1. Among the residues of region 2-15, count how many are surrounded by 12 or more Cβ atoms within 10 Å (Cβ to Cβ) and under 24 Å from Leu92 (Cβ atoms).
2. Residues to consider are Ile47, Ile35; find the one that is out of contact with any Pro (no Cβ under 7 Å at 6 or more places or on another chain), surrounded by 15 or more Cβ atoms within 10 Å (Cβ to Cβ), modelled with pLDDT of 85 or more and not small (Gly, Ala, Ser).
3. Going through Lys234, Lys295 one at a time, which residue ends up being in contact with a strand residue (DSSP E or B) (Cβ under 6 Å, 6 or more places away or on another chain) and within 30 Å of Leu174 (Cβ to Cβ)?
4. Which condition number does Val137 fail, the rest of (1) surrounded by fewer than 10 Cβ atoms within 10 Å (Cβ to Cβ); (2) in a loop (DSSP other than H, G, I, E, B) being met?
5. Restricting the search to region 16-32, which residues are more than 33 Å from the chain's Cα centre (by Cα) and either surrounded by 12 or more Cβ atoms within 10 Å (Cβ to Cβ) or at pLDDT below 85 (or both)?
6. Could you look through region 13-30, keep only residues that are touching a residue at least 60 places away in the same chain (Cβ under 8 Å) and either among the hydroxyl-bearing types (Ser, Thr, Tyr) or not in a helix (DSSP H, G or I) (or both), and pick out the one that is nearest to Ser55 (Cα to Cα)?
7. Applying the selection to region 187-206, what residues are more than 18 Å from the chain's Cα centre (by Cα), of a type in the set (Gly, Ala, Ser) and closer than 22 Å to Asp163 by Cβ?
8. Can you find, within region 207-216, the residue that is farthest from Ile165 (Cα to Cα) among those that are assigned to a loop (DSSP other than H, G, I, E, B) and touching a residue at least 40 places away in the same chain (Cβ under 8 Å)?
Amino acid sequence: MRADRLVAIILLLQTEGTVSAKMLASRLEVSERTIYRDIDALSFAGIPIISLRGSCGGFTLDEHFRTNVSGINLTDIKKLLVRQSADPLADLGLNTNYRIIYKLFPSLSSNQRKQADQFSKRIYLDSTTWFNEQEAVPFLKLIYEAMYSNLWLLIDYVKKNGDVISRQVAPYGLVAKTDTWYMVASHGEDIRVYRVSRIHDIKSVAKSFLIPKSFELDQFWNKWCHYFETSRPKYSATLRMSLETLHEFLVSENRNFQQLSEEKDGKQLICIQFENFAHAVREILSLGSEVEVIKPNELRKEISNQIKRLYEIYQ
């Protein structure tokens, strides 16, 4: 992005003194014409860049100008250099530019630079989930632009049950939970959360809005997540399974359960919460003979009926 490039130009000039347009273009992988436009933009913004003519000429900063990067240390650089998979910010065109981060290296000693370079190759963060295709979010950038400009949006939103509703909303913010995008927006007097992949159509409205001064996106999101998790429908079941199966069952998903007792054969008796009856049936059948339903009786009967149907199919 251009903002990243402008910062990189300032840091290069500060750390290397006089740098030619050709060298800047090569280091930042753009054309010389782009560099000249960037230099004009920086000068217009008040950055004191001096143009030097001649064979050893180029651009340099006024000797009295310094950016405040002297406080950057090795720990700060390491935090920036942790490699990541294509994180959600890439959907907005804001993916991390490691070439520019490396321009901060001159603020470190030679030994610290080596440590930072080695560190960047040893840790990798994968923000994607297993076997989960990334959701299509064709309207994400339009939402981002409207949010940035404080413009209302008219959306057609597909609810979980398939119904389509039309609403005029004010986009207060965007949240990426793992690799799923959500829009936090006001509608009437309420602030609501919309899954971006369920937005079927969208139009920008030439009307601006103001975000309440008291609104903090992170605080709202944390409270909403707590409410969402605690208010979801729950279906309790008591199951018997081996300790090994229990561990596998819990690792596959963050489950709410209570361990009741351990039987003589090592089997574990647990009470576990499912979203609903159908969810319980589906999850328990996936474990086959590794689990037994103790109660409720309706769930035990349904599992038995499902197994009989399977037997009839495969006998």
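1. Count: 8.
2. Ile35
3. Being in contact with a strand residue (DSSP E or B) (Cβ under 6 Å, 6 or more places away or on another chain) and within 30 Å of Leu174 (Cβ to Cβ) holds for just one of Lys234, Lys295, which is Lys234.
4. (1)
5. Selection gives Glu16, Gly17, Thr18, Val19, Ser20, Ala21, Met23, Glu32.
6. The residue in question is Thr15.
7. Within region 187-206, Gly188 is the sole residue that qualifies.
8. Residue satisfying both the conditions and the ranking: Phe215.
The values are calculated or read from the model by the stated rules, or taken from the named source; none is laboratory data. Everything numeric in this text was worked out from a predicted model, so none of it was measured. Cβ: placed from backbone, ideal geometry, glycine included. Neighbour counts: every protein chain shown.
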